[in-house]
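The values are calculated or read from the model by the stated rules, or taken from the named source; none is laboratory data. Everything quoted here is computed from the prediction, not taken from an experiment. So basically every Cβ, Gly included, is an ideal-geometry build from the backbone, and we count neighbours across all protein chains shown. Please note that ligands, DNA and RNA were not included when accessible areas were found on the heavy atoms of the full protein model with its side chains. Shrake-Rupley method; radii C 1.70, N 1.55, O 1.52, S 1.80 Å.
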Amino acid sequence: MRYFIELSYNGGAYHGWQNQPNQISVQEVIENALSLLLKEPVSIMGAGRTDTGVHALQMFAHFDTEINFDEMDLVFKLNSFLPKDIAIHTVFKVKADAHARFDALSRTYLYRITLQKNVFNFDNAYYVKQDLDVEKMKEASKILFQYKDFQCFSKVNTDVKTYHCDIMKAEWFFDNNELHFVIKADRFLRNMVRAIVGTMLQIGLGKLQIEDLHTIIISKNRNEAGFSVPAHGLYLTKIDYPTDIKI
């Protein structure tokens with residue numbers, strides 16, 4: 001039987017989602033808890049691979065087991081075992097061939113920027129001291145819809161067959177004293193969102209022109225794009241699946 005887990009986590013203490021040699025990961029911590037509670041080795045497959053320090057408001061993973069259990073009881077026990085920075089929301093049965101990663105229709109990320117020094121959110125948002133031309137950043141974000149190949153925003157030497165992504169949403173807006181960037185796509189490359197935000201900030205600071213974004217994307221060269229913003233401001237917020245994935 002195959003099950004999906006819906007969870008969230010604060011990534012500050014972890015070296016990303018995926019298991020790493022000699023480094024603590026979110027995946028490892030959950031696998032250990034599941035294996036202990038189900039009394040058998042359990043491996044989970046996540047919907048994506050968030051990098052070190054990146055957070056998730058909504059993440060999904062799947063696992064297989066032949067052990068019968070009460071789903072709500074397992075959620076309760078997992079939350080009792082897991083550390084305070086990982087929360088399990090639901091566990092539910094899915095079709096035998098359902099896949100947390102490959103069946104995802106889209107993923108949505110949020111990047112938070114604070115424009116005022118705030119002693120209560122420095123771990124949760126990136127503080128930018130300089131004045132930004134947000135209108136230019138909004139205009140630049142529209143250019144992303146004109147392209148599919150985003151190799152220029154990807155980490156080099158990544159094991160991917162294609163750099164093509166279908167961007168469905170990309171917008172800047174203010175939320176109280178924070179500047180937020182939300183981007184939705186069918187898939188993302190490693191470091192892609194942080195590189196896009198860093199490049200947009202260069203435009204907002206006047207170090208790049210809006211038109212430069214065309215040249216950067218066409219170049220397919222990571223060195224042409226802007227810096228990668230820090231991981232602590234990035235959140236995976238939503239993953240969409242087909243409605244018929246549940247049993």
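Structure above, values below:
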| item | result |
| --- | --- |
| Segment 175-221 - residue that is of a type in the set (D, E, K, R) and in a helix (DSSP H, G or I) and, of those, farthest from LYS161 (Cα to Cα) | ASP212 |
| Of all residues making up segment 137-149, the number that are open to solvent by less than 60 Å² (accessible area, probe 1.4 Å) and over 22 Å from ARG112 (Cα atoms) | 2 |
| Search result, residues across segment 231-247 that are open to solvent by 40 Å² or more (accessible area, probe 1.4 Å) and part of a loop (DSSP other than H, G, I, E, B) | PRO242, ILE247 |
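Yes/no matrix, rows are residues, columns are (1) closer than 23 Å to GLY48 by Cβ; (2) within 18 Å of the chain's Cα centre (by Cα); (3) surrounded by 22 or more Cβ atoms within 10 Å (Cβ to Cβ); (4) of a type in the set (Gly, Ala, Ser):
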{"site": "GLU171", "(1), (2), (3), (4)": "yes, yes, no, no"}
{"site": "ASN177", "(1), (2), (3), (4)": "no, no, no, no"}
{"site": "ASP186", "(1), (2), (3), (4)": "yes, yes, no, no"}
{"site": "GLY204", "(1), (2), (3), (4)": "no, no, yes, yes"}
{"site": "LYS207", "(1), (2), (3), (4)": "no, no, no, no"}
{"site": "GLU211", "(1), (2), (3), (4)": "no, no, no, no"}
{"site": "ILE218", "(1), (2), (3), (4)": "no, no, no, no"}
